[in-house]
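To keep things clear, I will list the structure first and then write my remarks on it.
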Amino acid sequence: MTATAGPAEQLWSRCAGCASLLYRKRLRRNLDVCPECGEHTRLGAPERLRQLVDPGSLRLLPDRPSEADPLDFVDVLPYPHRLSAARVSTGLAEAVLCGTATIGGQPAALAVMDFRFLGGSLGCAVGELITRTAEQALDDRLPLILVTASGGARMQEGALSLMQMATVSQAIAALREAGLLTVSVLTDPTYGGVAASFATNTDLVLAESGARMGFAGPRVIRQVTGRALPEGFQTADFLLRHGQVDMVVQRRSLRGRLAALLAAARAGRPARAPVPRQEPARHHERLAGAAPTVPPAEANGAAPADDGPTPAVRDAWDTVRTARHPGRPTTLDYLDSVFDGFVELHGDRLGGDCPAIVGGVARFAGRHVMVIGHQKGHTTADLVARNFGMASPAGHRKALRLMRLAARLGLPVVTLVDTPGADPGISAEEQGQAAAIAENILTLTVLPTPVLAVITGEGGSGGALALAVADRVLMLQHAVYSVISPEGCAAILWPDRSAAPQAARALRLTAPDLCRLGVVDEIVPEPATAAHDDPAETARRLRAALLANLLPLLDVPPAMLVRLRRQRFRRFGATRAGARAGAR
Ligand SMILES: [Zn+2]
């Protein structure tokens with residue numbers, strides 16, 4: 001629905017669905033749904049809240065925005081300028097409004113996203129605000145309702161925005177454990193990192209009529225597959241048909257449906273005294289920086305991983321090209337060189353086995369571990385057979401099955417991450433790519449066994465994070481880890497894709513950058529000039545680093561591990577980003 005230009009703007013608007021000229025007051029009375037054709041206009045968060053909650057019941061949570069620009073991100077405009085403009089045009093502090101309220105008399109905590117604010121993008125402040133809302137729900141023993149509208153993670157905050165997918169997911173996991181209902185309401189549009197986390201890993205997923213949801217956007221899918229998209233692709237009805245949402249709800253029925261679901265959840269769980277939540281993360285409790293209890297050389301007979309001569313600083317774009325080098329060792333190479341006795345396990349038990357993810361049990365330094373990793377290849381034929389390391393939903397569900405199995409057997413999990421991103425294809429969307437990634441992220445936040453992740457090549461966005469929510473995150477020296485590919489970022493924020501080298505620099509996707517930001521705990525040095533020149537030496541160094549980082553985790557009781565892991569990802573909130581920006 002677009003407003004017509006000129007003085008009549010306040011009075012009339014034209015429906016985007018049927019082109020009818022509509023009197024604005026009539027439209028508003030009809031909840032911004034076209035009375036002629038039923039087109040649901042996008043709502044801002046304040047109007048959405050007004051429509052959903054009982055009058056006078058809303059208590060907004062504080063939304064003091066962080067002034068963080070953790071990456072000093074500049075495209076054609078500095079990020080702080082874009083933030084200020086969004087604040088002026090929307091009157092909001094951030095892309096989400098949070099509070100507690102009643103709906104049809106039923107109390108709930110709510111976080112409502114606003115697409116008008118930088119495309120509803122998920123940055124550190126948005127993640128922090130939604131996490132605090134979930135924590136408030138836990139404290140007050142309230143159900144949580146998330147109304148999503150987002151293009152995905154906020155590129156200008158790089159990998160820190162990617163981490164928000166884990167931060168919010170673990171808050172949802174805590175509500176799951178406490179038996180509190182979580183509901184997401186998908187509104188148009190919900191994509192990317194939001195779709196692949198809290199929009200789909202809630203107990204119930206409702207889609208507003210006409211809403212579209214998916215992991216990859218239609219433009220990207222068309223570009224990658226070169227195919228026309230099926231009629232109604234990724235729409236609410238499509239999602240319902242493919243088993244991805246519980247129901248499609250007309251806007252006029254949304255309030256009533258939510259009230260009924262809240263009432264059912266409340267009936268099954270009598271009110272109890274609020275449970276005090278855990279203390280916030282304290283730095284001395286972090287595993288990060290903990291010294292290994294056994295020096296790797298003694299434990300393993302391997303030479304210690306010396307850092308060698310200080311490497312020359314490589315440009316971010318050169319690093320991207322190195323990380324993508326076809327000669328770079330793959331997961332199967334490492335399974336051969338770093339691990340012993342790998343027994344591959346296949347299948348998601350739901351109808352597929354994805355070749356882009358390999359996993360199974362292996363021995364490592366005399367212990368048994370579960371290894372799960374993306375598999376690329378060295379030749380074009382290998383790469384095609386492995387879908388270039390881009391996992392399908394079946395791949396993510398296979399990984400999920402193996403993670404859970406590892407926890408039941410008491411085996412540590414080692415993940416090797418090397419993917420341009422999750423498969424952005426049509427069938428991946430039909431099979432629920434977003435929800436598959438979201439469930440892995442949530443499960444990893446609470447998996448009661450040690451998890452050690454290594455970014456070995458490309459850590460591409462949500463597809464990488466689906467294997468990288470870990471107690472310790474290591475990164476090979478010339479690997480990259482990013483919320484979006486430099487090419488994708490350039491296409492959106494710069495005039496064209498040829499700005500990929502600039503985007504690579506702006507995104508802070510190299511190992512030293514991510515170490516500084518706390519996303520990565522340790523860099524595994526590569527031999528000169530890079531891993532592909534000396535795979536055997538790379539394997540030796542990776543083995544030493546794995547051992548040094550795995551051994552201390554083995555002595556930590558599972559409950560403590562989970563608590564520390566949660567703290568590790570909880571600290572990527574706005575406070576931390578603000579502190580970093582201030583510290584500069
Ligand atoms: Zn219409």
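Run the helix sum for the chain: -39,500 (n - 2.57) per DSSP H stretch of 4+ residues, divided by residue count, reported at 222 nm to the nearest 500 deg cm²/dmol.
Numbers: 23 runs with 230 residues, N = 584.
For the chain, the value works out to -11500 deg cm²/dmol.
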Query raised in the report: Could you give the length gained on full extension between D72 and D315, defined as 0.36 nm per residue of separation minus the Cα-Cα distance, in nm?
Result: 85.8 nm
Query - Ranked by how many other beta carbons lie within 10 Å on average, peptides 20-28, 446-454 from highest - result: 446-454, 20-28
Query raised in the report: So how far apart, in nm, are the two label points at W12 and H346 if each is 7 Å from Cα heading toward Cβ?
Result: 6.5
Query raised in the report: Given 0.36 nm per residue, what is the gain on full extension from N30 to S498 after removing their alpha carbon distance, in nm?
Result: 163.9 nm
Report task. Multiply the residue gap between A528 and R324 by 0.36 nm, knock off their C-alpha separation, and tell me the result in nm, one decimal place. Result -> 71.8 nm
Report summary line: Under the Karplus relation with 6.51, -1.76 and 1.60 and θ = phi - 60°, whole-Hz ³J(HN,Hα) for the range 498-509, x at Gly and Pro, equal 5, 7, 3, x, 5, 4, 4, 5, 5, 6, 6, 9
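For every other residue with a beta carbon closer than 12 angstrom to the beta carbon of L493, add +1 if it is Lys or Arg and -1 if Asp or Glu, then tell me the sum.
Values: positive: R82, R154, R497; negative: D75, E487, D496.
Surrounding charge for L493 is 0.
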Requested in this report: For every other residue with a beta carbon closer than 11 angstrom to the beta carbon of A466, add +1 if it is Lys or Arg and -1 if Asp or Glu, then tell me the sum.
Outcome: 0
**Report entry** Approximate spin-label separation A178-R241, in nm, with each point projected 7 Å along Cα-to-Cβ
**Finding:** 4.0
Query - For the chain, accessible area per residue (1.4 Å probe, heavy atoms of protein chains only), Å² - result: 39
Report summary line: A381 and Q51 label points (each 7 Å along its Cα→Cβ direction) are spaced in nm at 5.6
Report summary line: Phi-derived 3J(HN,Hα) across the range 460-473 with the Karplus relation (6.51, -1.76, 1.60, θ = phi - 60°), rounded Hz, x for Gly and Pro, is x, 6, x, x, 6, 4, 4, 10, 10, 8, 9, 5, 9, 10
Query raised in the report: Check I455: other-chain or 5+ apart residues with amide H under 5 Å from its amide H, H built from backbone geometry?
Result: V417, L474, M475, L476
**Report entry** Scattering curve values for the range 367-446, log₁₀ I(q)/I(0), Debye with Cα scatterers, q = 0.14 Å⁻¹
**Finding:** -0.50
Requested in this report: With a cut-off of 17 Å, note down the residues of the range 390-433 whose backbone N falls inside the zone around a label point 7 Å from the Cα of A228 toward its beta carbon.
Outcome: 426
Report summary line: Output ordering of 462-475, 31-44 (per-residue mean of other Cβ within 10 Å, highest first) is 462-475, 31-44
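Tell me which trypsin sites (Lys or Arg not before Pro) from the range 163-264 have a DSSP coil assignment and no more than 16 other beta carbons within 10 Å of their own. All intermediate terms of the calculation are to be shown ahead of the outcome.
Working: sites: R176, R212, R219, R222, R227, R241, R251, R252, R255, R257; in loops: R227.
Of the trypsin sites (Lys or Arg not before Pro), the ones in loops of the range 163-264 whose Cβ has at most 16 other Cβ atoms within 10 Å are R227.
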Query raised in the report: Tally Lys/Arg at +1 and Asp/Glu at -1 over every other residue whose Cβ is under 15 Å from the Cβ of A259; what's the total?
Result: +4
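Given a 1.4 angstrom probe, I'd like the percentage of the accessible area of the range 87-211 that is carbon and sulfur, rounded to a whole number. If you can, show how the numbers build up before the last one.
Working: 1210 of 2260 Å².
Solvent-exposed carbon and sulfur of the range 87-211 make up 54 percent of the total.
The values are calculated or read from the model by the stated rules, or taken from the named source; none is laboratory data. These numbers come from a predicted model, not from an experiment. Ideal geometry is used to build each Cβ from the backbone, glycine not excepted, and the neighbour counts take in all protein chains shown. Accessible surface is based on the protein model in full, side chains and every heavy atom, while ligands, DNA and RNA are left aside. Shrake-Rupley method; radii C 1.70, N 1.55, O 1.52, S 1.80 Å.
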